[in-house]
Structures are given as structure tokens and as C-alpha cells.
Amino acid sequence: MKPVQNDFDKPLGLQGGVSGLLSRLPKARTVLLLLCGVAVLSFSAAISLRNGPFHEPPAAATEATTEVVQEETLAPGASHPPQALGAPTSSDSPSTETSPSLESVIVIHDPATMSQSPRVVHLPDRALIEESESGPLPVRATDGRRPFDAYSRAWSGASGPRIAIVIGGLGISQTGTMEAIEKLPPEITLAFAPLGNSLYRWMQTARRQGHEVMLQVPMEPFGFPATNPGRRTLLTKAEPARNLENLRWILSRITNYTGVMNYMGSRFTADDAALGLLMDELSQRGLGYLDDGTSVASLAEKIALSKKVPFAASDAVIDAQREQGAILAKLNELERIARLRGYAVGSGSALEVTVETVAGWSEEVRSRGIELVPVSAVVRDPERERG
């Protein structure tokens, strides 16, 4: 090893180090070194007290906001959002509440981005929640964002033919719900039944898997009450206040959904006044509407668009016949419609045969040049249309 010849070659802290060095320097140089040290310390302190980073950030980044999100982990069996959202337990709830644990997560939001970050898609956006006696209700944010925008799933935006499929009835069967969420590709939209079990937990699972979510609303069919969608059904002859109470109870069952679709409702969707009340509420809350296509007398499209509600209608019920061959025939029909019109919409239920058939078909349809998209990608949105 080369021997140390002088103090300048010695490592700091050894044999006198800097103090030994300074003692040999002229006084003028000592003063100069001290002044430099003070300048460095002052500059470092100034940097640490700045509000932003040292370099000027891009324009988009300067407008980004930081939000603390509460990570909510629900125990199995919990069906409603946690009490942190202010949702009281309802006597109509089919399952028992359990207290969630909370863990803080810092999430950076770009205001130019309308939809949620993939990291928090299963969590409700607090700005889109209104507390009510029934539970948390969706509402437009003060900055104009709608739940329809925030909870929609992204897609390519390509101009080629696309198909949206919604599978309803989730939450009724625990096994069927789990299989639908796990087996169906994330492009398939899932619709939850408001009287199902563990809805909030299943919603979170579906969102984590990438699915766009909707909520089914039971509506009066012809033949009611012999044909009955269940409790909280919206009725044409009910007082508007009663229908509104039932509707808001239904809307409070889960969060993070883009809109609603009818469950039955052939009579209700043909009634101008009754359906108008529903669409007014959806418009106020920034939600979309999907007509399941089962009634030719439905006034949903006309009323929804007049109320500025994002609207889509199913072109085919894919599992009216609960047999694989018949379901495949309906899916082929959707492909033909998509190639002619540019898009097609299909609706079905979370039956085992439906889930298995759609899952297998989904793997093949992309190779034929068809893009699978969420329902939000095929709606008519009056608030975004020009002219």
C-alpha cells in the first residue's frame, strides 16, 4: 500500500483529519472555507422548505392532488360499505355487518384522469358519496365528475367492431358469483342483484379483477304480482315518494358502479311518469342506464336521453334458452351486429352454462377481430355529445 505522504492524502477522520488541515491553512483560506460551508447549509435548507421538487414539474403534475384513501378490508359475509361511509345497518339487509379494518394508502390523482387508479378501483371515491338513512348513495362530485365516469373501465378506443356483455344476478348464489368473477374476462360487465348476499365484498372482488359493475333494479312486469321481482320492486301505481324511497335503498346496496339496469319491468318501463322519476334520479346522481332488451314497449331510450342519462340497450338476451348451443348462436348474432353497426350489446344471467360458454367464446372472439368492451364503452352519453 502506498504510504500517506501529507495531510491532503490522509482519509478524513484519521490523524487529525480536517482540523489538522485547517490548522495549517492561512487565516484567509479558513474564513473562505467557513463561508462556503454556511452557503451550502443555507442552500440545502432552502431546498428542503420548498413546496415542490427541485426541478419544475410538468404542467399536469403541478395540478395533481394527493388524497389519503382508507383501505377497507371486509370480513367474509359483510354486504354493505363500512361504517366509515356512514351507512347504517338496514333491517332489509340479507346479511350481517362486520367492522372493517382500515389502512391508510396515499394515492396521487391526476385531475385529467376521470376513472380510478387500478390500485383503488375497489374503494369508493369519497367525493362521489352522499350519506343517507339507507346507506351511501352515489352522487356527482363538486368538480362535476360522475360515478359513471369514475367507475368505468378503460378500453382501447379503437374504431373496430366491439361487443359489450353484461352478466346479471350476481350476489344471489355465492358459488355462481365467485365463478362469474373468476372465470369471465375483466372486459365483461357484472350486474349485482340488490337483494343478494355479501354484495359489498363481492363488488370489491369484482373490481379488483377489473370488471365494470352495474346494479339491477327490480321493476314491475306485466302479470305482477303473480310474476314478482321481489322486495323493493318499483311499481307504476305506487306513490312517487314510495318508489323514490325504494330506489334509493337499492342504490345504496353497493358503491363503485357506473349505472343500473332493469330487472324485469315490462310494465314499469312502458310507463312515462314512473320511468321519468327513475331517470330524474339517475341524472341527478350521474349514473347510466342499460335496458336489458326484453321489452319492445320500453320507453327507456327516449326518456333517458331526454334526461341526459348515459344509455345503452341490449341487442340480445344470450341465455333465454339455457343451453350452450343456443347461447353460442346468440353470441354469433352479436358478432354480426357488431360488424354491421360497429358495436353490439348482450345480456345474460350468472348461470353456470352461461358463464362457461361466454368464458370460452371470449378466448376465441378476439382472434376474429372483435374487441370486448365494458358497457360504458357503447353508451350514448348526452352530456358528451355535441350539437
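FYI, it's all coordinate maths here, none of it is from the lab. None of the values given here were measured: they were computed from a predicted structure. Here the Cβ is made from the backbone with ideal geometry for all residues, glycine too, and neighbour counts use every protein chain on show.
Which of the peptides 132-142, 191-201, 348-358 is most tightly packed, and how do the rest follow, judged by the mean count of other Cβ atoms within 10 Å per residue? Working shown, then result.
On the way: 132-142: 18.9, 191-201: 23.6, 348-358: 20.7.
So the peptides 132-142, 191-201, 348-358, ranked by packing, come out 191-201, 348-358, 132-142.
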Practice problem: For the stretch 139-152, just list the computed ³J(HN,Hα) in residue order, Karplus coefficients 6.51, -1.76 and 1.60, θ = phi - 60°, integers in Hz, with x standing in for Gly and Pro. | Solution: 8, 5, 6, 5, 8, x, 5, 10, x, 4, 6, 5, 9, 6
Quiz prompt | Percentage of interatomic Cα-Cα distances in the stretch 150-377 larger than 32 Å | solution = 13
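Compute the relative contact order of the stretch 150-377 as a whole-number percentage, counting only Cα pairs closer than 8 Å that sit 6 or more residues apart in sequence. Before the final figure, lay out each step's value.
Values: 455 pairs, mean separation 63.2, N = 228.
After rounding, I find 28 percent.
What's the extension gain from GLU182 to ALA297 if we count 0.36 nm per residue and subtract their Cα-Cα distance?
Values: separation 115, 0.36 × 115 = 41.40 nm, distance 3.55 nm.
Full-extension gain reported as 37.8 nm.
Pairs to check: LYS183/LYS308; LYS302/LYS330; LYS237/LYS302; LYS237/LYS308. Give those whose C-alpha atoms are more than 30 Å from each other in this structure. Could the numbers behind the result be given before it?
On the way: LYS183/LYS308 35 Å; LYS302/LYS330 26 Å; LYS237/LYS302 21 Å; LYS237/LYS308 25 Å.
In this structure, LYS183/LYS308 lie more than 30 Å apart at Cα.
Round to the nearest 0.05 the FRET efficiency obtained for SER117 and GLU333 when R0 = 30 Å and r is the Cβ-Cβ distance. Spell out each step's value before the answer.
Numbers: r = 37 Å, r/R0 = 1.23.
Plugging the Cβ-Cβ distance into 1/(1 + (r/R0)^6) gives 0.25.
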Exercise. Can you tell me the relative contact order of the stretch 171-302? Whole percent, Cα pairs under 8 Å, sequence separation 6 or more.
Key: 22
Quiz prompt | Interchain or long-range residues, amide H under 5 Å from SER349's placed H | solution = GLY168, ASP319
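Tell me the GluC sites (Glu not before Pro) within the stretch 291-334 that lie in a loop according to DSSP and have at most 12 other beta-carbon atoms within 10 Å.
On the way: sites: GLU301, GLU323, GLU333; in loops: GLU323.
Here the sparse-neighbourhood loop sites are GLU323.
Between GLU352 and THR175, what length in nm is gained on full extension when 0.36 nm per residue of separation is reduced by their alpha carbon distance?
Numbers: separation 177, 0.36 × 177 = 63.72 nm, distance 0.96 nm.
Net length gain for the segment: 62.8 nm.
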Quiz item: Taking the simple approach of a point 7 Å from Cα along Cα-to-Cβ for both GLU239 and ARG341, what is their distance in nm?
Solution: 4.1
